[in-house]
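**Q** Encoded as structure tokens, here's the structure I'll be asking about.
The values are calculated or read from the model by the stated rules, or taken from the named source; none is laboratory data. No experiment lies behind these values; they were computed from the predicted model shown. Virtual Cβ from ideal backbone geometry, glycine too; neighbours counted across all protein chains shown. For the accessible areas, the whole protein counts, side chains as well, though only heavy atoms, and no ligand, DNA or RNA atoms are used. Shrake-Rupley method; radii C 1.70, N 1.55, O 1.52, S 1.80 Å.
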Amino acid sequence: MAVIVAKFGGTSVADIERIENAAGKIVKEVEAGNKVAVVVSAMSGVTNRLVGYCTEISPMHDVREYDTVVSSGEQITAGLMAMALQKRGITARSWLGWQIPIKTNNVHGKARIEDIDTAEINKRLEAGEVVVVPGFQGVTAQNRISTLGRGGSDTSAVAVAAALEADRCDIYTDVDGVYTADPRIAPKARKLNKISYEEMLELASLGSKVLQTRSVEMGAKSGVPIQVLSSFGEFIGSDRKGTLVTKEEDIVEQELVSGIAHQKDESKITVIGVEDVPGVAAKLFKPLAAAAINVDMIVQNISQDGLTDMTFTVPRTDLERAKKVLKDDVTLNYQDIAVNENVAKISVVGIGMKSHAGVANTMFQTLADKGINIEVISTSEIKISVLIEEDYTELAVRSLHAAYGLED
Ligand code: ADP
Ligand code: ASP
Ligand code: MG
């Protein structure tokens, strides 16, 4: 008898019909003799609407109250899912984040799970009940509701699976696995049967939103196998294989490049004419960090006459705040700030890169052949990222996908 955590994302519980379809899968999983905990997202579009309400009240709203508002979407789905299961003769009960409890730190809006008390869940599973848990939410030590950042239900699911030492965490979504690129923009993308935690972690952190980055981190740490699969159709996780996210040594055929990720909605800021002296980078980035602005892809130009330029990217939603922080910072001397609001980051990821030269050159040549200008480059052992004009995202992803021979 296996313990399985099954998570259904927003589109998979978008309406009552889909909740019923998801419940049907859980019934089959139970009939197959498995103990099942279900983690649900808010119905598709609900979280966006709730976030919109908060912003409408005030863009500077209290982040604790933001969590109170946005966590509510998952509560609705959890109750509906329990009802749909009960209708099918299954003993099921929903357990909200604070009832379990799923304890998080107090970084509201982006909280991290610190501990999950499994006593109640285990008791219920042992008694043959299905436990339904709303994703995305937890409770802080101050007894306030917290949320885990957008896409956080994936992390809730893997965290519950890790705490229960589950045999598998099935992530049911609107695609039938992890692809070599986002299938919505690269129609020739290929489904991967397996991918290592390490590569999936890079893809997720570089924009492949099929799994939230922290869920992969948690999978890697705990060793829980994560299976990404489609919620549409008749099959269930126990009999139909999606993509298995697993340890590197379990992957027999190692590809040179396993995938292309893209991240739109980035902005590039160049601070022109800062003094090229020790401590200037610290001075520049400290106030941005204090304002919780995520800075990425930093480059410093060569120095001329003791002055240099610093370029970096921020999520577009943080651009105005970042500009304000820099303008208000009286300790930093610079001549000007230049902004390119619409840039995208395109990344090529693959463990095979560790031992093969020429991967970067293929990327640069492919983009050059398409007339796409590279604004910033950054690399790590298993990835190369470039910054380009956002309008070229689709063209860049498709061309690179073909250039690395990833097509079907
Ligand atoms: P859910 O609501 O189920 O959590 P998400 O919208 O968060 O679903 O994630 C699924 C989406 O991730 C897909 O619809 C797809 O467009 C996108 N995606 C991005 N990169 C990839 C990839 N490499 N493989 C599969 N899907 C991807
Ligand atoms: N509902 C939340 C979101 O839309 C969490 C999730 O679905 O993973 O970000
Ligand atoms: Mg998601």
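**Q** Relative contact order, percent, of region 269-348 when contacts are C-alpha pairs under 8 Å separated by at least 6 residues?
**A** 44
**Q** Would you please give the residues with an amide H less than 5 Å from that of residue 307, counting only those at least 5 places away or on a separate chain, with H modeled from the backbone geometry?
**A** HN-HN under 5 Å from residue 307: 276.
**Q** In whole Hz, with x marking every Gly and Pro, tabulate ³J(HN,Hα) for region 344-349 from phi via Karplus 6.51 cos²θ - 1.76 cosθ + 1.60, θ = phi - 60°.
**A** 9, 9, 10, 10, 10, 10
**Q** Next question. Using a 1.4 Å probe and counting only protein heavy atoms, arrange 232, 8 so the residue with the most accessible area comes first.
**A** Solvent-accessible surface, decreasing: 232, 8.
**Q** For residue 258, what residues show an amide H to amide H distance below 5 Å, using hydrogens built from the backbone and excluding near sequence neighbours?
**A** Under 5 Å from the amide H of residue 258 lie the amide H atoms of 349, 350, 351, each far enough along the sequence or on another chain.
**Q** Using Cα-Cα distances under 8 Å and only pairs 6 or more residues apart, what relative contact order does region 1-110 have, in percent?
**A** 28
**Q** Within 10 Å, count the other beta carbons around each residue, average over each peptide in 326-335, 178-187, and list them highest first.
**A** Highest-to-lowest ranking by the protection proxy: 178-187, 326-335.
**Q** Rounded to the nearest 500 deg cm²/dmol, what is the calculated helix-only ellipticity per residue at 222 nm for the chain, with -39500 (n - 2.57) per DSSP H run of length n ≥ 4?
**A** After summing the helix terms and dividing by residue count, I get -10000 deg cm²/dmol.
**Q** Please give me, ordered by residue number, the GluC sites (Glu not before Pro) of region 92-178 that lie in loop per DSSP and have at most 14 other Cβ atoms within 10 Å.
**A** Within region 92-178, the qualifying GluC sites (Glu not before Pro) (loop, at most 14 other Cβ atoms within 10 Å) are 165.
**Q** Moving on to the next point. Rounded to whole Hz and in sequence order, give me ³J(HN,Hα) for region 228-233 from the Karplus expression 6.51 cos²θ - 1.76 cosθ + 1.60, θ = phi - 60°, writing x for Gly and Pro.
**A** With coefficients 6.51, -1.76 and 1.60, one gets 9, 8, 7, 8, 8, x Hz.
**Q** So how do 202-214, 26-38 stack up, highest first, on mean other-Cβ count within 10 Å?
**A** The packing order, highest mean first, is 202-214, 26-38.
**Q** What net charge is computed for the residues neighbouring residue 241, neighbours being all others with C-beta under 12 Å from the C-beta of residue 241, Lys and Arg scored +1, Asp and Glu -1?
**A** +1
**Q** What is the sum of charges around residue 18, taking Lys and Arg as +1, Asp and Glu as -1, for the other residues whose C-beta is under 13 Å from the C-beta of residue 18?
**A** -3
**Q** Can you tell me, using C-alpha contacts under 8 Å and at least 6 residues apart, the relative contact order of the chain as a whole percent?
**A** Here the relative contact order equals 14 percent.
**Q** If packing is taken as the average number of other Cβ atoms within 10 Å across a peptide's residues, how do 156-164, 57-65 rank, most packed first?
**A** 156-164, 57-65
**Q** Now for a separate question. Just how large is the dipole of the chain about the Cα centre, in debye to the nearest 20, putting +1 at every Lys and Arg Cβ and -1 at every Asp and Glu Cβ?
**A** 880
**Q** When DSSP assigns beta bridges and you keep just the ones with both residues in the chain, what percent turn out antiparallel, to the nearest 5?
**A** Antiparallel bridges make up about 60 percent of those DSSP assigns within the chain.
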